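The values are calculated or read from the model by the stated rules, or taken from the named source; none is laboratory data. Keep in mind the model is a prediction, meaning the values are calculated, not measured. Cβ atoms come from the backbone with ideal geometry, glycine included; neighbour counts cover every protein chain shown. Accessible surface areas use protein heavy atoms only, side chains included; no ligands, DNA or RNA. Shrake-Rupley method; radii C 1.70, N 1.55, O 1.52, S 1.80 Å.
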Amino acid sequence: MKPATATAEPRWLRWVLTAAALGFLAINLALPLAAVFIEGFRKGIAAYAAAIAEPDAISALKLTLIVAAIAVPLNIIIGLSASWAIAKFDFRFKPFLVTLIDLPFSVSPVVAGLIYVLLFGMQGWLGPWLQANDIQILFAVPGLVLATIFVTFPFVARELIPLMQEQGRDEEEAALSLGASGLSTFWHVTLPNIRWGLLYGVLLCNARAMGEFGAVSVVSGHIRGKTNTLPLHIEILYNEYNFAAAFAVASLLAGLALVTLLLKSLLEWRYAGQLAGRGH
Amino acid sequence: MSVSASNVTKQFGGFTALNGVSLEAQEGEFLALLGPSGSGKTTLLRILAGLEFPDSGTISIGGEDMSNRAARDRQVGFVFQQYALFRHMSVADNIGFGLTVRPGKTRPARTEIKRRVAELLELVQLPHLGDRYPAQLSGGQRQRVALARALAVEPRILLLDEPFGALDAKVRKDLRRWLREVHDRTGLTSIFVTHDQDEALDLADRVVVMDHGSIEQIDTPEMLWERPATAFVCDFLGGANRVAARAIAGSTDGGDTIDVGGVRLPNRAPAMAAGSATAFIRPHEFEIAAPGSAGIPVTLRRMLRTGAHAALETATASGTIIEATIPAPPEGLVAGDALVLVPTAVRAYPEA
């Protein structure tokens, strides 16, 4: 049988490829996700609720949300400025800046955490001064936020730079020549053009901010009920052989990720018409 | 509004894009900047618009010095080569943009903006397309929207960067005529950039020919065609054959005389000193004669009859190809025949 179009592959090949992709997803994503929820509920709904309602778990959830609520907006601002600068202007150290933005992706999160210990720890460069002035960064919220910002920094910028570069400067120049100020050009022209990329970057950034383990683990100090985020809390429960509680809390974290995804799909569905109208 | 640039210089890194360029467009004039890519024509246009700033030199619009004004303060309508329409806005919002973003006091009322947009949609002959998005328009339609958007802010001058560059040949011809009409109707001083000499000669009141960041000639299309000031201009206008010749000083009409293979003709280019020269002869400026006559001895390689005329492709003994268009070729002419091309008009320049 002839394929329907030039790019169509034979039926058997399509089946094999689709099955391979679905199989991979099932084994690596769906199965573990299901396992998290099944293990969480193993000892019944009451035990599940107890594990989540436990004060340490609640405090960990709060801390996770606070850290994300500070780190994500900051990274939106930094990511937007960085990609704006890189995509729309020419300057001398541009390749260097681009490399710098990728750094958090290539550095192990544990090393990222250690950097802050080196800077702000008691034996670190700024430690004595910080203590003299009674400023707590390490083993407190500021340290967690800093470590999270470092690790999640590239998500927004990486998403926006190629998008902005592809769109070029023409529309901005057109807006300026029509008498728009820099700010209204950004607001009316640049931002609408990148909003989907930005949203995607923000969601990824948020997911990672809530799920980050390595860097946060180093700077947190693991003080129960005080500096434990959800991932750290899960680890502690797990190490205490409290599997049901560990999986219950893990399911909460997984739930947050699912909500994020749902939100993204919902927005895409809601604005599908606009997306089609734009042609891109 | 008149526009002038004086002594404008611009470098990008080590590359000199503009090298002391001066020009002036009169009120209501339609000016073309013509040149090959890299000649600096687009840079000059962008400098006039304030999208680029010169390293030295001044720009003035309507007699007012604009050199240090930002693009948004110049009241210049700019039509981009790729149109640069705002892709997330409808056609109507695109056209109204310049009015919508005006600061509080000077911003027209919503209904006034709507009225103005409708008027402009009428002018660019797209009255029913206000709700469409740019991606849903053809190239020619986008071009018209881009023009309407630029006109909406009631600019003092209109600048167009390769306005027909991205369109196919048929649309290009129609839009060309239409743009000239719009210009005549609005009376705006307009400057457009093109690399297409036909477009420049067809459309503009005066043409500015540029090369390597300098202006070679500013003239009306007629003068440009009849009296190209430099070899570059003559060559760029296209079609002319290059032939080695000799300039002889002191002819009867005060200009110089050019000797091409023994045929002596007055130089239609600016007078030059005696010596060896490069002559440019257009295909229709030849007659043919029998071997042995004065002129350029050639061998016929191919002949193409197009109606009453015949296009001859010939080669000299040294292999230089010369093309000639002859109204009534003698019968029995076949490839391989020897003949002599006798020039009837010549433009010659000192050898580069």
Exercise for the section: Test B:GLU29 against the criterion of being over 20 Å from A:GLU173 (Cβ atoms) and either modelled with pLDDT under 95 or under 23 Å from the mean Cα position of the chain (by Cα) (or both), and give yes or no. Expected result: yes
Completion exercise
Scanning segment A:147-176 residue by residue, the ones that are within 10 Å of chain B (Cβ to nearest Cβ) and either outside any helix (DSSP H, G or I) or without any contact (Cβ under 8 Å) to a residue 24 or more places away in the chain (or both) total 8
Exercise for the section: Could you please let me know if A:GLN131 is within 30 Å of A:PRO95 (Cα to Cα), of a type in the set (S, T, N, Q), away from chain B (no Cβ under 14 Å) and out of contact with any Gly (no Cβ under 6 Å at 6 or more places or on another chain)? Expected result: no
Handout entry: Number of positions in segment B:124-145 that are assigned to a helix (DSSP H, G or I) and either in contact (Cβ under 8 Å) with a residue 60 or more places away in the chain or among the small types (Gly, Ala, Ser) (or both)
Key = 5
Exercise for the section: Pull up segment B:78-95, narrow it to residues that are in contact (Cβ under 8 Å) with a residue 60 or more places away in the chain and open to solvent by 30 Å² or more (accessible area, probe 1.4 Å), then point me to the one that is farthest from the other protein chains (Cβ to nearest Cβ). Expected result: B:GLN81
Handout entry: Qualifying positions in segment B:12-28 - open to solvent by 20 Å² or more (accessible area, probe 1.4 Å) and closer than 18 Å to B:THR220 by Cα
Key = B:SER22, B:GLU24, B:GLN26, B:GLU27, B:GLY28
Exercise for the section: Within segment A:201-224, identify whether any single residue is within 14 Å of another protein chain (Cβ to nearest Cβ) and either modelled with pLDDT of 90 or more or open to solvent by less than 40 Å² (accessible area, probe 1.4 Å) (or both), and answer yes or no. Expected result: no
Problem - strands (runs of 3 or more DSSP E) fully within segment B:150-239 counting 3 or more residues that are within 14 Å of chain A (Cβ to nearest Cβ) and either charged (D, E, K, R) or buried (at least 16 other Cβ atoms within 10 Å of the Cβ) (or both) - result: B:157-161
Handout entry: Residue in segment B:106-114 that is crowded, with 20+ Cβ neighbours inside 10 Å, farther than 17 Å from A:ASP170 by Cα and either in the same structural domain as B:GLY62 (by TED's automatic domain parsing) or not polar (S, T, N, Q) (or both) present
Key = yes
Handout entry: Spans of strands (runs of 3 or more DSSP E) in segment B:267-352 with at least 2 residues closer than 23 Å to B:GLY238 by Cα and charged (D, E, K, R)
Key = B:296-306
Practice task
Mind counting the residues in segment A:177-192 that are surrounded by fewer than 23 Cβ atoms within 10 Å (Cβ to Cβ) and assigned to a helix (DSSP H, G or I)?
Solution key: 10
Completion exercise
Taking first residues from segment B:37-58 that are more than 14 Å from chain A (Cβ to nearest Cβ) and open to solvent by 40 Å² or more (accessible area, probe 1.4 Å) and second residues anywhere that are basic (Lys, Arg) and not in a helix (DSSP H, G or I), the pairs with Cβ under 8 Å that are 6 or more apart or on different chains are B:ASP55/B:LYS10
Exercise for the section: Taking A:GLN136 as meeting all but one of (1) in a helix (DSSP H, G or I); (2) more than 12 Å from every other protein chain (Cβ to nearest Cβ), write down the number of the exception. Expected result: (1)
Practice task
Name, by its number, the condition in (1) over 31 Å from the mean Cα position of the chain (by Cα); (2) crowded, with 17+ Cβ neighbours inside 10 Å that does not hold for B:LEU333.
Solution key: (2)
Practice task
Only residues that are in contact with a strand residue (DSSP E or B) (Cβ under 6 Å, 6 or more places away or on another chain), more than 14 Å from chain A (Cβ to nearest Cβ) and touching a residue at least 24 places away in the same chain (Cβ under 8 Å): list them for segment B:60-77, please.
Solution key: B:SER60
